[in-house]
């Protein structure tokens, strides 16, 4: 079993449960964030709980769970994390961000293909052929007809860049 | 009799053309996503929630519930036909169901699965009608201390009975509770963790969290294990079970229904555990136990009746106490809040038409599944063969548009992306998103109940243990936690989820 060695307080320790260790560290970081940003919230008294009472208490509990998880990772064996699909994670996230960025200015006509084509890069099995093109055109048409025209979701078909260039009815 | 008055009210509510139509749409969609790989009911319900805002509350809930139990049905179809359980609750169905399909008995297995599910659904509709009112009656007497303890018990029970690491489930619950507190504190008006962003003043939308963690996070996880699935399906014929099939299925169906009803009521119990339990039970008591794993009809009837019973009964804590037993119920509670219905024991008295309409619609929905789906089996089979590379971009599109339409703002789309990343990373570390969502929904409620309880007791936390009902619930939660930490019990728990 693959094991990593770390120097901690001058002693050599082994992380035996990688997942426990990483999750514990994440808990501690998040708990520290909640505790730090909530440090000015008033605790109040137990009989009159202030806005800080509940979140700060929970923050310390989460911190505790994180600590237990980290300690446990040194004491018991657990599974290794294995490969993380960072590339796929990045592609999917980028595709969603692209949609959100393109939507107001360029409109659905550009944002939807960007989302679909970018995200398709995350699959090894994507084939860029006529079939995909037809599916994409169909999907965009479906979304415009059902969501914009049918359900009235106020998404621009053509975004604000096209103001005055295309008729207003094409934008809504 | 009051029971029949209630059921009659429910029937007249559920039978309006609009509600029937949406129930049909719900079960149809539910079956579809149950059949499709990599898309669960939680993600679908989150996606469709924004579309239900304009509907009357009862119609919206009827459709969302339909998606939930429809998905159980669709999941079993793929489990039997191609050995790919669409939902975790149909994992055990695949064992014997698929063997039957390989022996050319797919039609019979599907029919028995449908009939057993329908039977369980019918029984559970009656059970809910019988037991929900007294339970709500008791719950109406609950003070804030009892509610706080009840939610603690609910959260603890939901992780003890679910699969996975207890420590990480607890961690995810606390994280969910904390995330749920983001926004304006209702009591003091203070902004908490909003970083000056006006979009966060009302908190993070639970739809955004659910869609990010269940929708986007799942997609990334699925893409990681993308494989060329070889889906070859034999023609399905001979849908009518033989007399022998019937005879052999009656016992398992009855036992499965009973077990599923009991387990379903418990928070976190739900459909999956019921199905595993029922299969294990049949393996012990069935006279045909030597056939298990080789295509025994009992191995289909028992888990199918149990998972449907479990799914149905998990509505009881949601409807009577406002406590979600699983992520889908958490979403239903969220839907009720958005619709302006305060979930809890008062729903039954204040909105009887909604309450009973929903319950009766579940029975009607089960009937629709039975009548519609067996003839439509050919269509579902075609659907199984849709490759994932076409599916996931479309799911992404629907998620993005759905989350945009919550507030008609791109802000929520960014947050969905963020929660997708969080969901995937935690999933990699064996931290399940379900407890986080339960905590997220319950966070603000728990804070409010704790605040009121401590206000009434003048700051004495002992109020939680001096009031008998509250003390009992906390004691139960403590016992459950201790049990699960005992090595002997945790071993059994692991085995219960690895029934192969």
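Just so it is clear, none of the values below were taken in a lab; they were calculated from the coordinates. Treat the numbers as computed from the prediction; the structure is a model and nothing was measured. Here the Cβ is made from the backbone with ideal geometry for all residues, glycine too, and neighbour counts use every protein chain on show.
Shape of the protein assembly as shown from its Cα gyration tensor (a ≥ b ≥ c, root eigenvalues): rounded if a/c is under 1.5, otherwise prolate when a/b > b/c, or oblate? All intermediate terms of the calculation are to be shown ahead of the outcome.
Details: a/c = 1.26, a/b = 1.08, b/c = 1.17.
The shape class here is rounded.
So what is the 222 nm mean residue ellipticity for chain B from helices alone, if each DSSP H run of at least 4 adds -39500 (n - 2.57) and you divide by all residues, rounding to the nearest 500 deg cm²/dmol?
Value at 222 nm, helices only, nearest 500: -24000 deg cm²/dmol.
Just check chain A against the gyration tensor rule for me: Cα atoms, a ≥ b ≥ c as the square roots of the eigenvalues, rounded for a/c under 1.5, and otherwise prolate or oblate depending on whether a/b exceeds b/c. Provide the component values of the computation, followed by the final result.
Working: a/c = 3.91, a/b = 1.67, b/c = 2.34.
It is oblate, given that a/c is not under 1.5 and a/b is not larger than b/c.
Take residue B:54, project a point 7 Å from its Cα along the Cβ direction, then tell me which residues of segment B:1-22 have their backbone nitrogen under 17 Å from it.
From segment B:1-22, the list is B:18-19, B:22.
What average number of partner chain Cβ atoms lie no more than 10 Å from the Cβ of the residues making up B:189-202? Let's see the in-between values first.
Details: counts 1, 6, 2, 8, 6, 1, 1, 0, 0, 0, 0, 0, 0, 0.
Neighbouring Cβ atoms belonging to other protein chains average 2 per residue here.
Cα-Cα pairs above 21 Å in segment A:86-171: how many percent?
Numbers: 1290 of 3655 pairs.
Value for segment A:86-171 (Cα pairs over 21 Å): 35 percent.
Distance in nm between label sites at residue B:262 and residue A:146, each 7 Å beyond Cα in the beta-carbon direction?
If labels sit at residue B:262 and residue A:146, their model points lie 4.3 nm apart.
Angle between the Cα long axis of helix B:2-14 and the longest principal axis of chain B, 0 to 90 degrees, nearest 10?
Its long axis makes an angle of about 80 degrees.
When you look at the Cβ of every residue in B:411-420, what mean number of other chain Cβ atoms sits within 10 Å? Intermediate results must be reported in sequence, preceding the final value.
Details: counts 1, 1, 8, 4, 1, 2, 8, 3, 0, 4.
If you average over the peptide's residues, the count of other-chain Cβ atoms is 3.
Mind jotting down the distance between the C-alpha centroids of segment B:167-195 and segment A:79-103, whole Å?
26
Could you order peptides B:396-406, A:147-157 by the average number of other Cβ atoms within 10 Å of their residues, highest first? Display every interim value, and only then the final one.
Working: B:396-406: 24.9, A:147-157: 16.5.
For the peptides B:396-406, A:147-157, the packing ranking is B:396-406, A:147-157.
To the nearest Å, what is the center-to-center distance of segment B:326-382 and segment B:70-133, using C-alpha atoms only?
Their Cα centres are 18 Å away from one another.
If you count, for each residue, the other Cβ atoms within 10 Å and average over each peptide, how do B:47-60, B:143-156, A:128-141, A:69-82 line up from highest to lowest?
On the way: B:47-60: 19.9, B:143-156: 23.2, A:128-141: 12.5, A:69-82: 15.1.
Ranked from most to least packed, the peptides come out as B:143-156, B:47-60, A:69-82, A:128-141.
From other protein chains only, count the Cβ atoms within 10 Å of every residue's Cβ in B:210-223, then give the mean. Let's see the in-between values first.
Working: counts 0, 0, 1, 0, 0, 0, 5, 2, 0, 5, 8, 3, 2, 11.
For peptide B:210-223, the averaged partner shielding equals 3.
Peptides B:249-260, A:114-125, B:99-110: what's the order by average Cβ count within 10 Å, highest mean first? All intermediate terms of the calculation are to be shown ahead of the outcome.
Details: B:249-260: 24.1, A:114-125: 19.8, B:99-110: 21.7.
The peptides rank, most packed first, as B:249-260, B:99-110, A:114-125.
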